[in-house]
1. How would you order 30-42, 52-64, 83-95 from highest to lowest mean count of nearby Cβ atoms within 10 Å?
2. For region 20-101, compute the number of Lys pairs whose alpha carbons are separated by less than 20 Å, excluding pairs fewer than 8 positions apart on the same chain.
3. May I ask you to derive the FRET efficiency for residue 89 and residue 55 from their Cβ-Cβ distance with R0 = 30 Å, giving the value to the nearest 0.05?
4. How many nm is it between the label spots at residue 34 and residue 63, if each spot is 7 Å from the Cα in line with the beta carbon?
Amino acid sequence: MKSTNNLLETEWDEMTEQVQTIVVWSKQGCQYCQAVKDYLKEQNLAYTDVDITEQDHLRDVLEAKYGVRYVPVVEIGSREGRNYYAVTEIGVEHLEKALGKGEKIHGAQ
């Protein structure tokens, strides 16, 4: 029999899976971007990839939104688009932290 905590965690995971969207801003040849995408695949988390390889104007979008021009940037938010945050720090450990604890890493208005 599952403990109450495990049951609640399972229910929470199922609920957040249904209401969460993930967008990965990346470019071809970026090892950090690939590590992020590999991690999301390992966790069975669906995501949308925004490839900025030949679209430098998209770096302007990242700079306007988050003050960065580099990738990867991972946006995590509700399907309604009302609440989201972005992981702008390089390294899968920052993404793990954001997904695992639902912490606000870089908020948007």
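1. Details: 30-42: 15.5, 52-64: 12.8, 83-95: 17.5.
In decreasing order of mean packing, 30-42, 52-64, 83-95 become 83-95, 30-42, 52-64.
2. 7
3. Numbers: r = 23 Å, r/R0 = 0.76.
After rounding to 0.05, the efficiency reads 0.85.
4. Output for this residue pair reads 2.8 nm.
Computed from the coordinates by the stated procedures, all read-outs in this text should not be read as laboratory data. Owing to the predicted nature of the structure, the values given are computational and were not obtained by experimental measurement. Here Cβ is always computed from backbone atoms with ideal geometry, including for glycine, and neighbour counts include all displayed protein chains.
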